[in-house]
Amino acid sequence: MKRILIDADPGVDDALAILLAMNSPELFVEAITTVSGNIHVDQATENLFRILGLLKMSEYPLLAKGENRPLVLPLLTAAHVHGEDGLGNVSTLYNQDGNPLYPPADADIADLSGAELILEMVDRYADELTLVALGPLTNIALAMRKDPIKMRKLHAIVLMGGVFREYGNVTTTAEFNIYVDPHAAHEVFSSGIPIQVAPLDVTHQVVLTGERLSAETEEQQCLVSSFLRDSTKACMEFYRQHVGFYGLHIHDALPIGMLTHPHFFKSIDAYVQVETEGNLTRGMTIADLRDSRQERTHNASICIEVDADRFLNHFFSRLIPKSKTNTRQ
Ligand code: RIB
Ligand code: CA
């Protein structure tokens with residue numbers, strides 16, 4: 001069983017990743033920290049509580065609110081993709097009794113910053129802890145600035161971010177998480193901590209269509225299945241208009257799968273650098289992935305392939321186990 005800390009900017013696909021992690025017996029989610037990215041960190045933290053409220057747990061992971069803006073640049077959010085509340089506007093949904101359809105979990109939030117909770121967890125678990133980064137890397141970079149020696153004890157960082165042999169999703173050269181805080185990403189890739197990367201090159205191989213989501217959720221009348229339908233609508237509509245299909249890429253779920261089912265994935269070692277100054281290339285992740293360059297020193301393992309069908313089947317088997325016949329709460 002792997003102990004993990006998730007740092008996220010929920011965000012619709014962050015929500016799917018958090019639900020997958022919390023339903024993965026191979027993992028123990030020790031803590032979750034939030035960061036500004038898809039949406040401002042105040043809203044991202046409210047969204048985190050709403051996501052955890054789906055799980056009705058007796059004990060929740062330790063939770064902390066992280067940084068509200070990147071290290072150097074102004075914040076760029078993606079409400080146009082994830083909805084005004086960053087979670088498909090599920091915060092506006094109420095049941096017949098007038099109560100929120102997806103109420104927040106009755107959980108506490110630590111009186112620590114995201115970076116401080118990360119350092120606290122590294123102190124406690126050292127090389128037993130894997131950090132899963134699903135948003136801009138601001139909190140992780142700040143934790144490294146505070147105590148670089150301690151952060152080197154981390155077992156690994158598994159992050160969703162970057163793009164190498166495709167176009168970006170913010171500019172033609174950059175993926176969102178790296179684009180928002182390229183300075184933090186540069187510091188993380190220069191840290192010497194073992195890093196596994198799930199770039200757009202692999203996350204684009206997994207396509208969750210609206211049709212598949214309907215098929216997987218219509219017979220399972222449970223809170224999670226209705227949340228999956230409600231939270232992804234805005235995102236799927238954005239994809240219909242701007243990407244060309246009604247569905248979405250569940251980017252952030254892939255790092256979770258890389259930890260629990262590594263045999264679904266193929267990765268190669270590479271030396272990754274991050275552009276922090278370019279006008280046209282800010283946030284670009286640069287690495288030479290040609291086989292002939294494999295003997296060079298590397299600072300990351302880049303995931304380049306996934307068995308998309310097996311991973312999607314696994315995703316639904318964990319989030320909506322077929323035996324689950326809960327009535328809608
Ligand atoms: O580029 C995709 C990444 O940016 C995902 O983590 C998504 O949630 C956004 O944060
Ligand atoms: Ca994210």
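Any idea which residue in the stretch 5-48 is farthest from ligand 1 (Cβ to nearest atom), counting only those that are of a type in the set (Val, Ile, Thr) and within 20 Å of Thr130 (Cα to Cα)? Talk me through it step by step, then tell me what you get.
First pass over the stretch 5-48, keeping only residues of a type in the set (Val, Ile, Thr): 6, 12, 18, 29, 32-35, 39, 41, 45.
Then drop every residue that is not within 20 Å of Thr130 (Cα to Cα), which leaves 6, 18, 29, 32-35.
Working: Ile6: 11, Ile18: 11, Val29: 17, Ile32: 14, Thr33: 14, Thr34: 12, Val35: 9 Å.
So, considering only residues that are of a type in the set (Val, Ile, Thr) and within 20 Å of Thr130 (Cα to Cα), the one farthest from ligand 1 (Cβ to nearest atom) is Val29.
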Taking the stretch 298-321 and the residues there that are open to solvent by 40 Å² or more (accessible area, probe 1.4 Å) and in contact with an Asp or Glu (Cβ under 9 Å, 6 or more places away or on another chain), the one that is modelled with the lowest pLDDT would be His298
Leu63 passes all but one of the listed conditions (1) touching a helix residue (DSSP H, G or I) at 6+ places or on another chain (Cβ under 7 Å); (2) under 25 Å from Thr232 (Cα atoms); (3) open to solvent by 60 Å² or more (accessible area, probe 1.4 Å); (4) more than 16 Å from ligand 2 (Cβ to nearest atom); the exception is number (3)
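Quick one: which of Thr281, Thr276, Thr285 is out of contact with any Leu (no Cβ under 8 Å at 6 or more places or on another chain) and open to solvent by less than 20 Å² (accessible area, probe 1.4 Å)?
On the way: Thr281 fails: open to solvent by less than 20 Å² (accessible area, probe 1.4 Å); Thr276 fails: open to solvent by less than 20 Å² (accessible area, probe 1.4 Å).
Just a single option satisfies the conditions, and that option is Thr285.
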Checked against (1) among the charged types (D, E, K, R); (2) open to solvent by 10 Å² or more (accessible area, probe 1.4 Å); (3) in contact with a helix residue (DSSP H, G or I) (Cβ under 9 Å, 6 or more places away or on another chain), Arg124 satisfies every condition except (3)
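Does the stretch 67-78 contain at least one residue that is within 25 Å of Ser226 (Cα to Cα) and within 16 Å of ligand 1 (Cβ to nearest atom)?
Quick first cut of the stretch 67-78, residues within 25 Å of Ser226 (Cα to Cα) only: 78.
Applying the additional criterion that residues be within 16 Å of ligand 1 (Cβ to nearest atom) yields 78.
Yes; the residues of the stretch 67-78 include at least one that is within 25 Å of Ser226 (Cα to Cα) and within 16 Å of ligand 1 (Cβ to nearest atom).
Being charged (D, E, K, R) and more than 20 Å from His261 (Cβ to Cβ) is the requirement here; does Asp230 meet it? I'd like the intermediate steps shown before the answer.
Numbers: charged (D, E, K, R): yes; more than 20 Å from His261 (Cβ to Cβ): yes.
So Asp230 fits the description; yes.
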Checked against (1) β-branched (Val, Ile, Thr); (2) within 16 Å of ligand 2 (Cβ to nearest atom); (3) in contact with a Lys or Arg (Cβ under 8 Å, 6 or more places away or on another chain), Ile256 satisfies every condition except (3)
| Residue match in the stretch 146-159 (condition: more than 11 Å from ligand 1 (Cβ to nearest atom), open to solvent by 40 Å² or more (accessible area, probe 1.4 Å) and touching a strand residue (DSSP E or B) at 6+ places or on another chain (Cβ under 6 Å)) | yes
- Message: Criterion first (among the acidic types (Asp, Glu) and more than 16 Å from ligand 1 (Cβ to nearest atom)) does Glu59 satisfy it?
- Response: yes
**Message:** Would you confirm, using the coordinates I've provided, whether Thr138 is closer than 19 Å to Val81 by Cβ and either in contact with a Pro (Cβ under 6 Å, 6 or more places away or on another chain) or open to solvent by 30 Å² or more (accessible area, probe 1.4 Å) (or both)?
**Reply:** no
Expected output for the stretch 77-88 (first residue touching a residue at least 60 places away in the same chain (Cβ under 8 Å) and within 14 Å of ligand 2 (Cβ to nearest atom), partner among the aromatic types (Phe, Trp, Tyr) and open to solvent by 20 Å² or more (accessible area, probe 1.4 Å), Cβ below 8 Å, 6+ apart or cross-chain) is Ala78/Phe176; Val81/Phe238
Taking the stretch 179-214 and keeping only residues that are farther than 30 Å from Lys153 by Cβ and either of a type in the set (Ser, Thr, Tyr) or modelled with pLDDT under 95 (or both), one is left with Thr209, Ser214
- Query: Quick check: anything in the stretch 75-87 more than 30 Å from Thr232 (Cα to Cα) and open to solvent by less than 20 Å² (accessible area, probe 1.4 Å)?
  - Reply: no
Per the filter on the stretch 183-228, residues surrounded by fewer than 18 Cβ atoms within 10 Å (Cβ to Cβ) and of a type in the set (D, E, K, R) are Glu211, Arg212, Glu218, Glu219
If we ask which residues in the stretch 172-198 are within 16 Å of ligand 1 (Cβ to nearest atom) and touching a Leu at 6+ places or on another chain (Cβ under 9 Å), their number turns out to be 17
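Would the stretch 29-47 turn up any residue that is hydroxyl-bearing (Ser, Thr, Tyr), open to solvent by less than 20 Å² (accessible area, probe 1.4 Å), away from ligand 2 (no atom under 13 Å from the Cβ) and farther than 19 Å from His251 by Cα? First the steps, then the outcome.
Step one: list which residues in the stretch 29-47 are hydroxyl-bearing (Ser, Thr, Tyr), which gives 33-34, 36, 45.
From the residues that got through so far, the ones that are open to solvent by less than 20 Å² (accessible area, probe 1.4 Å) too are 33-34, 36, 45.
Remaining after also requiring away from ligand 2 (no atom under 13 Å from the Cβ): 45.
Adding the requirement that they be farther than 19 Å from His251 by Cα leaves 45.
Looking through the stretch 29-47, at least one residue is hydroxyl-bearing (Ser, Thr, Tyr), open to solvent by less than 20 Å² (accessible area, probe 1.4 Å), away from ligand 2 (no atom under 13 Å from the Cβ) and farther than 19 Å from His251 by Cα.
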With the structure loaded, tell me whether Tyr167 is within 16 Å of ligand 2 (Cβ to nearest atom), among the hydroxyl-bearing types (Ser, Thr, Tyr) and open to solvent by 30 Å² or more (accessible area, probe 1.4 Å) or whether it fails that test.
no
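The values are calculated or read from the model by the stated rules, or taken from the named source; none is laboratory data. Note that the coordinates shown come from a computational prediction; the quantities given were computed from them, not determined experimentally. FYI the Cβ positions are ideal-geometry reconstructions off the backbone, even for glycines, and counts take in every protein chain you see. Areas reflect the complete protein model, heavy atoms only, side chains present, ligands, DNA and RNA absent. Shrake-Rupley method; radii C 1.70, N 1.55, O 1.52, S 1.80 Å.
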